[in-house]
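Engineer: First, the structure itself, so that you have it in front of you.
The values are calculated or read from the model by the stated rules, or taken from the named source; none is laboratory data. Everything numeric in this text was worked out from a predicted model, so none of it was measured. Cβ: placed from backbone, ideal geometry, glycine included. Neighbour counts: every protein chain shown.
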Amino acid sequence: MVKALEKNGLLLQTDPSLPNAASLLAAGPIRGSWWVHPRANEIFIGLNQLADHEDILFTKLVSGKVTLIHRRLWPDFLSIATTREAWQKRGLSPGARYLLRTIDQEGMLRSNETQWPKRLEPAKLGAAARELETRLLIHSEEFHTKKGAHAKLLEGWTHWAEHVSLDSVLPPPAEAKQAFEKLLAKLNEAYGGKGRLPWE
């Protein structure tokens, strides 16, 4: 699996056409949700193992879906994610803007320990976090609390880069975008996919 990711540079977590981790773990194509696949338990365990791998980043890059990115592409990705271009900030909801400011100030936060301001209700923290994820403005990682509930660790990319020891020189954003555009165009053509990147 890691070799396939290193070769392609990226894999979708699941997709009907493009190379994806769920189908590789199931050893065949998956119709519909992998949660109802006969090998769902193996897929679940495999995805968790991949999420713990030091050379794999899970983020919402292609078509707003969870995408696995190999370490060799992290400098390109980080260059794009930290640029704060217009496509990342345009039309953000008040809740998303508030959450981004908080993460910028704190470096990271846990959703289960964060007090959500009443003035932003009925907007929810989870929705604001998803909005920021799809704009590549934050890194998000799910975890289980001591009580067994699902929660998310949300962090800024600079904070994330420090704890994964990524100290490479970042390429110019335009060059980094072009690298991902060429890679995805090649995969789309080879597999009949319709993947798109958030700035396109």
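Engineer: Is at least one residue of segment 174-188 more than 19 Å from the chain's Cα centre (by Cα), within 24 Å of Glu131 (Cα to Cα) and in a loop (DSSP other than H, G, I, E, B)?
Structural biologist: no
Engineer: Name every residue in segment 97-132 that is among the acidic types (Asp, Glu) and at positive phi, in order of residue number. Working first, answer last.
Structural biologist: Initial filter on segment 97-132 (among the acidic types (Asp, Glu)): 104, 106, 113, 121, 131.
Result: no residue meets the conditions.
Engineer: Select, from Val36, Val62, the only residue that is of a type in the set (A, V, I, L, M, F, W, C) and surrounded by 10 or more Cβ atoms within 10 Å (Cβ to Cβ).
Structural biologist: Working: Val36 fails: surrounded by 10 or more Cβ atoms within 10 Å (Cβ to Cβ).
None of the others qualify; the one that does is Val62.
Engineer: Within segment 155-173, work out how many residues are out of contact with any helix residue (DSSP H, G or I) (no Cβ under 7 Å at 6 or more places or on another chain) and either surrounded by 13 or more Cβ atoms within 10 Å (Cβ to Cβ) or not in a loop (DSSP other than H, G, I, E, B) (or both).
Structural biologist: So the count comes out to 6.
Engineer: Is it the case, given these coordinates, that Ala128 is under 17 Å from the mean Cα position of the chain (by Cα), surrounded by 15 or more Cβ atoms within 10 Å (Cβ to Cβ) and closer than 21 Å to Lys89 by Cβ?
Structural biologist: On the way: under 17 Å from the mean Cα position of the chain (by Cα): yes; surrounded by 15 or more Cβ atoms within 10 Å (Cβ to Cβ): yes; closer than 21 Å to Lys89 by Cβ: yes.
For Ala128, the condition - under 17 Å from the mean Cα position of the chain (by Cα), surrounded by 15 or more Cβ atoms within 10 Å (Cβ to Cβ) and closer than 21 Å to Lys89 by Cβ - is met.
Engineer: On to the next question. Just to be sure, is Lys152 touching a residue at least 12 places away in the same chain (Cβ under 8 Å), outside the structural domain of Ser63 (by TED's automatic domain parsing), on the phi < 0 side of the Ramachandran plot and of a type outside the set (Gly, Ala, Ser)?
Structural biologist: Yes.
Engineer: Pairs only if they're at least six apart or on different chains, beta carbon under 6 angstrom, first in segment 167-196 and on the phi > 0 side of the Ramachandran plot and assigned by TED's automatic domain parsing to the domain that holds Ser63, second part of a loop (DSSP other than H, G, I, E, B) and at pLDDT below 95; list them, first residue then second.
Structural biologist: The qualifying pairs are Gly192/Ser17.
Engineer: Continuing with this model, one more query. When residues of segment 65-90 are filtered for being among the small types (Gly, Ala, Ser) and either crowded, with 20+ Cβ neighbours inside 10 Å or in contact with a Cys (Cβ under 7 Å, 6 or more places away or on another chain) (or both), how many remain? I'd like the intermediate steps shown before the answer.
Structural biologist: So in segment 65-90, the residues among the small types (Gly, Ala, Ser) come out as 79, 81, 86.
In the following step, the residues that additionally are either crowded, with 20+ Cβ neighbours inside 10 Å or in contact with a Cys (Cβ under 7 Å, 6 or more places away or on another chain) (or both) were identified as 79, 81.
So the count comes out to 2.
Engineer: A further question follows. What are the residues in segment 4-27 that are modelled with pLDDT of 80 or more, farther than 23 Å from Leu197 by Cα and surrounded by fewer than 21 Cβ atoms within 10 Å (Cβ to Cβ), if any?
Structural biologist: Ala26
Engineer: Taking the options Lys147, Lys152, name whichever one is at pLDDT below 95, surrounded by 16 or more Cβ atoms within 10 Å (Cβ to Cβ) and of a type in the set (D, E, K, R). Before the answer, list the steps.
Structural biologist: On the way: Lys147 fails: surrounded by 16 or more Cβ atoms within 10 Å (Cβ to Cβ).
It is Lys152.
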